[in-house]
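Here is the structure we will look at, set down as structure tokens.
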Amino acid sequence: MPEKGILELKIFLEKPRKIFLASHRNPDGDALGSTLAFYHYLSQNGHEVSMAFPSEFPPIYSWMPGSDKILIYDRQSEEINKCIANAELFIFVDANNLSRIDKMGLEMQKYETPLFLVDHHLDPDLTSLYYYAFPGESSACDLVFDVLTEWEQKKYIENIDIATCLYTGILTDTGTFSYNTSPKLFEKLSRLMLAPFNHIEIQNKINNALPEKNLRLLGYCLYHRLEIIPEYRAGIIFLTKSDFEKFNIQRGDAEGIVNYILKINNIDIAVLFTQQPTITKISFRSLGDYNVEEIAKNYFNGGGHKNASGGSHFKGLKSAITLFKEHLPEFFNKYKTIN
Ligand SMILES: [Mn+2]
């Protein structure tokens, strides 16, 4: 069973506790939503809660309730180390293993503090004392919904702050309800929407709020950098270090670009290569049964989900693209019959 100790944890939380919440580097809407939903629930119940991400979150999420209380390890490590040292419980959301959050994870591993892992990625670390890990579910927020309803029934889910955060995480991790959905998920969403928040307003804040330069960058990528490999239903885009300078962009600004490749008809596999100061980062997306997690894991030191994964390469941008192209035919042939 991919869950352990949920009811014991509820008993542990009957006393006020010091709790440290953490999620992954380059936090997305789901990392924020799941962290903040726990933050609101736990602080409303008298616990002393601190929360941290290894790196900054995109400003597009700064309207989320409680986001101003999030600490960032890249610039507040001392303060965070104190929170880690004092905590009686760690809650780690939307990531499968503490080893994935480098320095902050190492700091947490120094202590015997019980850990509660809530995640929907593949290969969750099931050595923690408590976990609720269902790989393949839509989002960490989807799972936080389960945990909170198991603990508290309906009333907490209808709290406006908690509902806002959970809705946002589900919205962003399902590409506005376009993948990883299920009747059960829509049932949960209908429960969340009983809370008095404006869900269209949230969609606009997330989907219709790109800075102009990001859209111009997208246009540039699609016009100048898109390579289509029709025989393997694949499309790739790359960005160099000098592109980052030219468009004055940070890595987060390029994140959504890969999804546009999949909008092309007859394309089911999409890859974005971004050249970083020392490494090349790769984002994989796919439609249908093409399991890009496999290619991310086998060749690019990464992982994630079947239709959305990430990885990295240490021998330069060109070498990363060549490596992908080398393995594309076998990858395509493996899955083409089931698609
Ligand atoms: Mn997620």
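Here, each number is a calculation from the coordinates, and none is a lab measurement. Source: prediction; values computed, not measured. Neighbour counts are summed over all protein chains in view; Cβ atoms, including those assigned to glycine, are modelled from backbone coordinates with ideal geometry.
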Peptide ranges 103-109, 177-183 listed from the most packed, as the mean C-beta count within 10 angstrom indicates: 103-109, 177-183
Three-way shape call for the chain based on the alpha-carbon gyration tensor, with the a/c threshold at 1.5: prolate
Straight-distance crosslink candidates among lysines, where the alpha carbon sits under 18 Å from residue 297 and sequence neighbours closer than 8 are dropped: 281, 306, 315, 325, 334
Using alpha-carbon coordinates, inclination of helix 29-44 to the longest axis of the chain, degrees: 0
Length gained when the stretch residue 201-residue 176 is fully extended (0.36 nm per residue, less Cα-Cα span): 7.7 nm
Signed unit charges on C-beta, dipole axis of the chain, positive-most listed residue 21, 163, 324: 324
Cβ-Cβ FRET estimate between residue 259 and residue 194, R0 fixed at 41 Å, reported to 0.05: 0.85
Cα gyration tensor shape of region 1-129, rounded if a/c is under 1.5, else prolate or oblate by comparing a/b with b/c: rounded
Extent along principal axes [Cα atoms of region 212-336; Å; largest to smallest]: 40, 31, 22
Packing-based ranking, highest mean first, of 227-237, 25-35 given that Cβ atoms within 10 Å are counted: 25-35, 227-237
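Want the number for residue 223 to residue 336: 0.36 nm per residue separation, take away the alpha-carbon distance, what's left?
The span from residue 223 to residue 336 would gain 37.9 nm if fully extended.
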Rounded tilt (10° steps) of 317-336 against the dominant C-alpha axis of the chain: 80
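Between residue 276 and residue 210, what length in nm is gained on full extension when 0.36 nm per residue of separation is reduced by their alpha carbon distance? Provide the component values of the computation, followed by the final result.
On the way: separation 66, 0.36 × 66 = 23.76 nm, distance 2.22 nm.
Between residue 276 and residue 210, full extension yields 21.5 nm more.
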Among 321-328, 279-286, the order from most to least packed when residues are scored by Cβ within 10 Å on average: 279-286, 321-328
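Determine the relative contact order of the chain: mean sequence separation of Cα pairs under 8 Å and six or more apart, normalised by residue count, in whole percent.
12
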Magnitude of the charge dipole, the chain, Cβ model with Lys/Arg +1 and Asp/Glu -1, debye to 20: 720
Cross-link reach list, aspartates and glutamates versus residue 213, counting only Cα pairs under 18 Å and skipping chain neighbours closer than eight places: 243, 245, 253, 255
Note, ³J(HN,Hα) from phi for region 170-179, Karplus 6.51, -1.76, 1.60, rounded to Hz, x at Gly and Pro: 5, 4, 6, 6, 9, x, 6, 6, 9, 8
